[in-house]
Each structure stands twice: as C-alpha cells, then as structure tokens.
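Contents: one structure, followed by commentary.
What follows draws every value from the coordinates through simple rules; no lab data is involved. What you are looking at is a predicted structure, and each value in this text was computed from that prediction instead of being measured.
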Amino acid sequence: MGGGTGTAVMSHLVVLDNEAVQALASPTHPKHRKVLAHVQVVTSRKRRAMQVSLVVPTTVRVEAGWDRSAPACVFLNRMRIADVPLDTAQADFAASIRNHAQVSVADAHLGAVFQESPANMITVVTSDPADMRKVAGDKNVTVATI
C-alpha cells in the first residue's frame, strides 16, 4: 500500500450458460466433470488475491430448469453461484442485444451481463461459443467451451 494511490483489486466474473448449469446439476451429464473442473478452478482463485464471482443470469437459470427451492438442486445451491436478475434497465439492454444479434432471450441476458460488468476479466462457460461472441459486443470475454 504505497503512496496513497491505492491498488486496484482485480476482479474476475465467471458466467454460466444453460448447458453449463445443466451439466453441473446432473452428475450423469456427459459434460459434468468438465464444468465442475471450471468451477473448482474458480473456487481456488477465490482463495487467492483475485476477487472472483461465479454467476448465472436468472433467464439462463430458468431455461436450464434450476429451481433453487427444489430438493434436487441442493448440490447446485451449495456452489454459491449468484443470480444476476433481469431488471428493467438490463431487460432493455438485453432486448437491444437480442434484436441486433438474433439470439435467444437467455443469450441476450448473458450479453447484457458481460457488457455491463465492471470486472477486469470475464469468462463464460458455454457450449455455444459463436453466440457468446455475438453477444459480447466490444467486451473482451474469454470463452471456455464445454
């Protein structure tokens, strides 16, 4: 901490798409281990100096069928994956992305999350890298394809 200038905290936003959520929810899903490995890497980074947030847009959660109150979702709920709700401002932004990129509502919400994030680094865990690149706009988003 020198000279009063302060040090910017590095932040990393990790966003899950529909198939990533579905894969985490079911140990029999063919991509379960791959997505779980991504989540474990994120968890290990949380213990270090970098501030890491693991999130899912609420429209993606709905699309994936993740009901946080369902007993079958206990495993997912324990992972501390935060919801990013679709509020009025984000809905407008997502609608603009959807109209421009011709993508699903959930993908447009993902794009709004990317584009409005103040994080230094953004990673999306996805099975659809082409759509994620379409909705990222000018944001530098790392695409972890599953």
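Among Arg80, Arg98, Arg133, the residue with the largest mean-square fluctuation in a Gaussian network model of the chain, with springs joining Cα atoms closer than 10 Å, is Arg80. For Val52, the amide hydrogen comes within under 5 Å of the amide hydrogens of His12, counting only partners 5 or more places away or on other chains and with H modelled in the peptide plane.
Using θ = phi - 60° in the Karplus curve 6.51 cos²θ - 1.76 cosθ + 1.60, the 3J(HN,Hα) couplings for the stretch 60-77 round to 5, 4, 5, 4, 7, x, 8, 9, 4, 8, 7, x, 5, 9, 4, 4, 4, 4 Hz; x is entered for Gly and Pro. Bridging of Lys34 to aspartates and glutamates at a Cα separation below 18 Å is possible for Asp17, Glu19, Asp128, once same-chain residues fewer than 8 apart are set aside. Phi angles of the stretch 31-36 translate, via the Karplus equation with coefficients 6.51, -1.76, 1.60 and θ = phi - 60°, into HN-Hα couplings of 9, 4, 5, 5, 5, 4 Hz per residue; Gly and Pro are given as x.
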